[in-house]
Amino acid sequence: MFYPVHRPRRLRQNEKIRDLVRETEVSIKDLIYPMFAIWGTKVKNEVASMPGIYQLSVENIVEEAKEVASLGISSIILFGLPKDKDEAASGAYAVDGIVQRAIEAVKEKVPELIVITDVCLCEYMSHGHCGVIRDGEVLNDISIELLARTALSHAEAGADIVAPSDMMDGRVAAIRATLDENSYNNVPIMSYAAKYASSFYGPFREAADSTPSFGDRRSYQMDPGNVTEALREIHMDIEEGADIIMVKPALSYLDVIKAAYDEIDYPIAAYSVSGEYSMVKAAAEKGWIDERGVAMEILTSIKRAGADIILTYHAKDAAKWLNE
Ligand code: PBG
């Protein structure tokens with residue numbers, strides 16, 4: 001009879017031992033919950049492709065923010081749907097813009113919650129691109145002025161962290177300088193540093209009404225085939241003053257998260273994007289997969305790859321499951 005010396009199954013024989021030796025665990029404290037603010041009162045529009053996710057008017061944002069906080073989640077990230085869109089994205093940096101209103105309301109009613117804002121122009125541009133367009137081209141340097149203005153308006157409204165997601169060159173430096181000049185040197189920047197031109201954003205564009213009216217985002221977001229370029233982007237954003245860097249999407253880019261983890265010593269966030277959520281929801285609705293099992297396994301894999309922070313539409317569900 002052959003007896004193996006090494007029996008890995010010894011450490012798998014019951015729940016207590018498995019708990020003792022587990023290397024990676026998702027914590028509620030790692031999670032950021034994305035929310036979509038829209039004008040109106042008592043508005044609660046479910047996003048068809050994202051069951052359980054809603055466009056909410058400000059008082060409903062506050063109600064959900066209370067629930068989020070009560071579950072032990074520390075942070076939300078806010079996106080906004082303006083009344084009107086134009087070619088200068090003026091709704092993005094309006095003092096009484098939708099995100100600015102939502103920040104103020106949440107900070108007043110749920111002050112313990114960390115309010116992060118997505119800093120981008122696409123939701124506010126009539127053409128749906130993340131920068132200013134001239135002759136069909138997305139202009140970089142004018143766009144970063146508007147992005148810096150937007151980030152400042154969020155800080156003035158009370159945002160705790162700003163998160164630029166536009167992928168223009170030099171925007172982190174521009175935002176840092178503008179915040180510092182206006183005494184917001186304590187507001188951290190979480191930069192979407194390695195953000196890919198991804199088909200996984202489809203459902204989000206329904207939620208945020210930000211589908212480009214022509215072309216696509218491949219002249220500013222990254223090519224899915226590249227990872228050394230992701231590291232360059234991440235290094236640049238750190239040099240420009242980013243405090244937290246982000247990889248986005250997460251599930252198809254676990255190698256990028258790992259590469260960042262191996263190379264840099266800054267906190268890493270990963271955005272498990274809309275399409276990742278919708279795939280799980282749709283398959284679960286059909287009864288083809290177990291939502292809880294799959295969602296937690298995905299979050300665990302993102303953390304195992306090296307992410308410290310996970311932005312996920314499953315944050316509330318995950319918090320409930322982890323609290324059980
Ligand atoms: C804005 C922005 C997008 C997402 C976050 N910020 C969409 C895009 O770049 O088209 C995607 C988030 C998601 O899919 O959940 N630029």
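The values are calculated or read from the model by the stated rules, or taken from the named source; none is laboratory data. Everything quoted here is computed from the prediction, not taken from an experiment. Glycine also receives a Cβ, built like all others from the backbone with ideal geometry; neighbour counts cover every protein chain displayed. Calculation scope for accessible area: heavy atoms of the full protein, side chains included, ligands and nucleic acids excluded. Shrake-Rupley method; radii C 1.70, N 1.55, O 1.52, S 1.80 Å.
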Item to check | Filter pass, Pro82 being farther than 30 Å from Met279 by Cβ, of a type outside the set (A, V, I, L, M, F, W, C) and at pLDDT 95 or above | outcome: no
Item to check | Test: residue in the stretch 303-314 that is hydrophobic (A, V, I, L, M, F, W, C) and open to solvent by 20 Å² or more (accessible area, probe 1.4 Å) | outcome: yes
Checklist outcome for this item: Note: among Ala151, Ala177, Ala173, Ala159, just one is part of a loop (DSSP other than H, G, I, E, B) and either over 23 Å from Phe36 (Cβ atoms) or not acidic (Asp, Glu) (or both), namely Ala159
Item to check | Subset of the stretch 188-220 (residues that are small (Gly, Ala, Ser), part of a loop (DSSP other than H, G, I, E, B) and closer than 17 Å to Pro34 by Cα) | outcome: Ser210
Item to check | Every residue from the stretch 163-184 that is small (Gly, Ala, Ser) and away from the ligand (no atom under 16 Å from the Cβ) | outcome: Gly170, Ala173, Ala174, Ala177, Ser183
Checklist outcome for this item: Picking from Ser199, Ser153, Ser213, the residue that is surrounded by fewer than 23 Cβ atoms within 10 Å (Cβ to Cβ), polar (S, T, N, Q) and away from the ligand (no atom under 16 Å from the Cβ) would be Ser153
Next on the checklist: Please pick out the residue among Val62, Val21 that is surrounded by 12 or more Cβ atoms within 10 Å (Cβ to Cβ) and hydrophobic (A, V, I, L, M, F, W, C).
Outcome noted: Val62
Item to check | Filter result (under 16 Å from Ser27 (Cβ atoms), within 16 Å of the ligand (Cβ to nearest atom) and either without any contact (Cβ under 8 Å) to a residue 12 or more places away in the chain or of a type outside the set (D, E, K, R) (or both)) within the stretch 272-317 | outcome: Ser272, Ala295, Ile298, Leu299, Ile302, Ala307, Ile309, Ile310, Leu311, Thr312, His314, Ala315
Checklist entry - Regarding Pro249, is this residue over 22 Å from Ser143 (Cα atoms) and within 15 Å of the ligand (Cβ to nearest atom)? => result yes
Checklist outcome for this item: All conditions in (1) open to solvent by less than 10 Å² (accessible area, probe 1.4 Å); (2) within 16 Å of the ligand (Cβ to nearest atom); (3) within 25 Å of His314 (Cα to Cα) are true of Ala260 except (2)
Checklist entry - Hey, any hits in the stretch 231-244 for a residue that's at pLDDT 95 or above, in contact with a Phe, Trp or Tyr (Cβ under 9 Å, 6 or more places away or on another chain) and within 13 Å of the ligand (Cβ to nearest atom)? => result no
